[in-house]
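Each remark here refers to the structure printed beneath this line.
The values are calculated or read from the model by the stated rules, or taken from the named source; none is laboratory data. Just so you know, these numbers come straight off a predicted model, no measurement behind them. Glycine gets a Cβ as well: all are built from the backbone with ideal geometry, and neighbour counts include every protein chain shown. All accessible areas refer to the heavy atoms of the entire protein, side chains included, with ligands and DNA or RNA removed. Shrake-Rupley method; radii C 1.70, N 1.55, O 1.52, S 1.80 Å.
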Amino acid sequence: FVVASFLLQFVGGVTADAADVKVLSAVGMREVMLDLAPKFERATGHTLAMSFDASGVIVRRIETGETVDVIMILRSSFERPTQAGKIAPGSVTDLASSIAAVAVRHGAPKPDISSVEAFKHMLLDARSIARPNPADGGASGVHIEQVLKRLSILDEVNAKTVAYGQPTDPEAMPGYKVAVGRADLALHQLQELLAVHGIDIVRPFPKELQGTFIFSAGILTSAKDRAAAKALIDFLRTPESAKVIKAKGMEPATP
């Protein structure tokens, strides 16, 4: 009843006619959007056409002329498209944040990563590691590579990295590779690992190595229906959406 009441209230605040909204979202927001998209469609009558990729790839797709209404990427990745005049002024809105974590196959012993030194030893002792490709410009891929450089073990970990994964294919992501036995460890964003069956979360990276990845949404200047695009962003900032974001392993943006 609470959800139904909330949806009715939200519908009452939406004045735009039903529209098709094309969304290009970072992989980090995938689990949240797969849950919230149908709720938004039922609440507003709008239809979402969503696809997912790494933040860096999304920026390049926009720069080469791909037409979408809303993008959801790392907040830091908005600089280039904003300077290029592709983002509607004042439309960039924070949605959620995430952190990086480690996972092993379900039932496998969980290594100690409570300190930086223990974390480093875990990576050196592992036979195989799955992690995102930093070349894609995704949040965790870039951060993990920076951590490996800081620990001076990039070459060693590269030698045992078995799969970078494809952002557009959930079954090619790090957690899945561990679940099916193709890697011993998965390094990825917590919400992405939580969505994979057959693995156990060890814990987030040690505090000294932890990064916080902030995801934001922005409306493109070329959006066909800015009111519908804004309705989506407003919906993702509601208390009910915040509960879903939290349940998926992310932190909702503060009001």
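Restricted to strands (runs of 3 or more DSSP E) entirely inside segment 144-255, those with at least 3 residues that are touching a residue at least 40 places away in the same chain (Cβ under 8 Å) and buried (at least 22 other Cβ atoms within 10 Å of the Cβ) are 185-189, 212-219. Of all residues in segment 158-167, those satisfying the criterion of being under 15 Å from Ala135 (Cβ atoms) and of a type outside the set (Gly, Ala, Ser) are Asn158, Thr161, Tyr164, Gln166, Pro167. If the condition is being of a type outside the set (Asp, Glu) and more than 21 Å from Arg226 (Cα to Cα), then segment 30-43 contributes Arg30, Val32, Leu34. In segment 190-247, the residue that is farthest from Val21 (Cα to Cα) out of those that are within 15 Å of the chain's Cα centre (by Cα) and of a type in the set (S, T, N, Q) is Thr212. If you go through segment 116-143 and keep only what is open to solvent by less than 50 Å² (accessible area, probe 1.4 Å) and over 15 Å from the mean Cα position of the chain (by Cα), you end up with Val116, Ala118, Phe119, Met122, Leu123, Ala126, Ser128, Ile129, Ala130. Of all residues in segment 99-115, those being in contact (Cβ under 8 Å) with a residue 24 or more places away in the chain and closer than 15 Å to Leu209 by Cβ number 8.
Annotation note: Cβ proximity below 7 Å between a residue of segment 52-79 that is farther than 11 Å from Val92 by Cα and free of Cβ contacts under 8 Å to residues at least 40 places away in the same chain and a residue that is among the small types (Gly, Ala, Ser) and outside any helix (DSSP H, G or I) (sequence gap 6+ or interchain) occurs for Ile58/Ala26; Glu63/Ala84.
Would you check if there is a residue in segment 136-155 being in contact with a strand residue (DSSP E or B) (Cβ under 6 Å, 6 or more places away or on another chain) and either among the hydroxyl-bearing types (Ser, Thr, Tyr) or farther than 26 Å from Glu117 by Cβ (or both)? Yes, the conditions are met somewhere in segment 136-155.
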